[in-house]
Structures are given as C-alpha cells and as structure tokens.
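Just below is one structure, and these are the notes that go with it.
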Amino acid sequence: MLSATADDEGFLMGSVLDWVVMVMRTLGAPGVGVATALETVFPPVPSEVVLPLAGYTASQGHYGLVPAILWATVGSVAGAFVLYRLGALWGAERLCATAERIPLLHARDVERAIAWFGRNGRSAIFLGRLVPGVRSFISIPAGIDRMPLLQFTLYTTAGSLLWNAALIVAGYELGAQWHRVEAYVGEASVVIYAALAAAVLWFVVRRVRAHLGTTGGA
C-alpha cells in the first residue's frame, strides 16, 4: 500500500512538472509567472522545484534568465495578493473566535500575534518570503492586519525577487542537475522547521503550566 501511494505521488509530481514545463515552453517567460502564481496559492509542487526548473528551461534557450526572474516575481506578488485578500476577508474577529475553540489557545494569543505583526510586519513579510513553508502563508496575517498595500507590495516584491533569483539562477547554472536545488533548500529547511517546532513546544509547555497553576490555585 505504501509503495502504491509513493508511486501515485511520484506520478502526480511528474504530471505537474510536465504541465509546468509545457506552460513555460509555450508561453515563454510569462509562463514562469503563471506557474509561480499558481504555486504560491495552490502549492502542489513547492517553489524549490518550480523555480530551479524555470532556470533549467531558461538555460535551454526557451527564454532569457532575467525575464524569467522578473516574471516569477510578478507571479509571486500576484499569488500573495490572493492570500492577502483571503486574510482580509477572514478577519481578526473570526480568527479569535476560532482560537477560543482550540485547546490551549485563546483569543488573546491571536491578538498578541496580530499586534506583533503590526510592529514587525515589514520585516516579517520580507523575511517570510525567504522561508520555505512560510513564504506563501505570511500573506494571510498581512491581510488580517490590513497592512498597507504599498508596504505589502514593496516588501513582498523585494523578498520574492531575492528568493526567485537565487533559485532560478541555481537551476540555470546546474542545468540538467537542477533538481539538486531542492535537496539543498531542504537541508536548510530542517533547521528552520526545528526552530519553529521548538517555539511551538515552548508555547504549549508554558500554556499547560499556566493552566495547571490556575487549576491548582482553585
């Protein structure tokens, strides 16, 4: 069963990659923007795969390296706007209400998080665009906080441009070995995810201790 599942996933991944290559070769550099926008909103394949593949396709002469980077950034920003809008529609009140129904989480935790984003939103948007697994979803709290669109656009563009350029150039230089980029990014991601897991664990432990302290006092 596990083998069959792995085969199915591999087939799906291959089909998506074939579609991505077709779009890039048919539309040229704008196709990179289309693929990147879809990857941002509906990530069936991570950008660590799509962008190096775009670089490899550029190395084969289907379009230029610079246009690929620029169109990828346009696509990233377009996808980020969609997620920003979803965050704005969801709203802080609905998110707080949802938090109250989740064990160990309270509305005030969400309010603190939103307040933190309000103080550090520009840095969070820029740096978040450089973190795998976070780069797409960082747009949602920006929408919830109603971050000014000009600021959101500027910092999203800057972070996306840096990320896109690095991965596309890597794929361009590696050529047929473009898939090695995902492994390199994956190794760096392990450290990032470990830090995030530690932060979540620290939050849960602190919340449990506070709950036990309140119960014991009662």
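The values are calculated or read from the model by the stated rules, or taken from the named source; none is laboratory data. Computed from a predicted model, the values in this text were never measured in an experiment. All Cβ positions, glycine included, derive from the backbone under ideal geometry; neighbour counts span all protein chains shown. To get the accessible areas, we keep the full protein, side chains included, count just its heavy atoms, and leave off ligands, DNA and RNA. Shrake-Rupley method; radii C 1.70, N 1.55, O 1.52, S 1.80 Å.
Just a few scattered comments:
- Taken across region 177-187, residues that are at pLDDT 70 or above, of a type in the set (S, T, N, Q) and part of a helix (DSSP H, G or I) do occur, with at least one present.
- Within region 132-146, the set of residues being in contact with a Phe, Trp or Tyr (Cβ under 8 Å, 6 or more places away or on another chain) and under 11 Å from Tyr84 (Cβ atoms) comprises Ser139, Ile140, Pro141, Ala142, Gly143, Ile144, Asp145.
- Condition met for Val205 (of a type in the set (A, V, I, L, M, F, W, C), open to solvent by 20 Å² or more (accessible area, probe 1.4 Å) and at pLDDT below 70): yes
- Test for Gly175: is it within 21 Å of Leu53 (Cβ to Cβ) and exposed (fewer than 15 other Cβ atoms within 10 Å of the Cβ): yes
- Candidate set: region 117-170, residues that are among the charged types (D, E, K, R) and touching a residue at least 12 places away in the same chain (Cβ under 8 Å); chosen: the one surrounded by the fewest Cβ atoms within 10 Å (Cβ to Cβ): Arg146
- The sole residue among Tyr56, Tyr63, Tyr84 that is open to solvent by 20 Å² or more (accessible area, probe 1.4 Å), in a loop (DSSP other than H, G, I, E, B) and among the aromatic types (Phe, Trp, Tyr) is Tyr63.
- The single residue among Ala72, Ala78 that is within 20 Å of Glu173 (Cα to Cα), at pLDDT 90 or above, out of contact with any strand residue (DSSP E or B) (no Cβ under 9 Å at 6 or more places or on another chain) and open to solvent by less than 80 Å² (accessible area, probe 1.4 Å) turns out to be Ala72.
- Residues satisfying the stated conditions in region 21-69, i.e. among the β-branched types (Val, Ile, Thr), out of contact with any Asp or Glu (no Cβ under 6 Å at 6 or more places or on another chain) and either within 11 Å of Gly171 (Cβ to Cβ) or modelled with pLDDT of 85 or more (or both): Val23, Thr26, Val32, Val34, Thr36, Thr40, Thr57, Val66, Ile69
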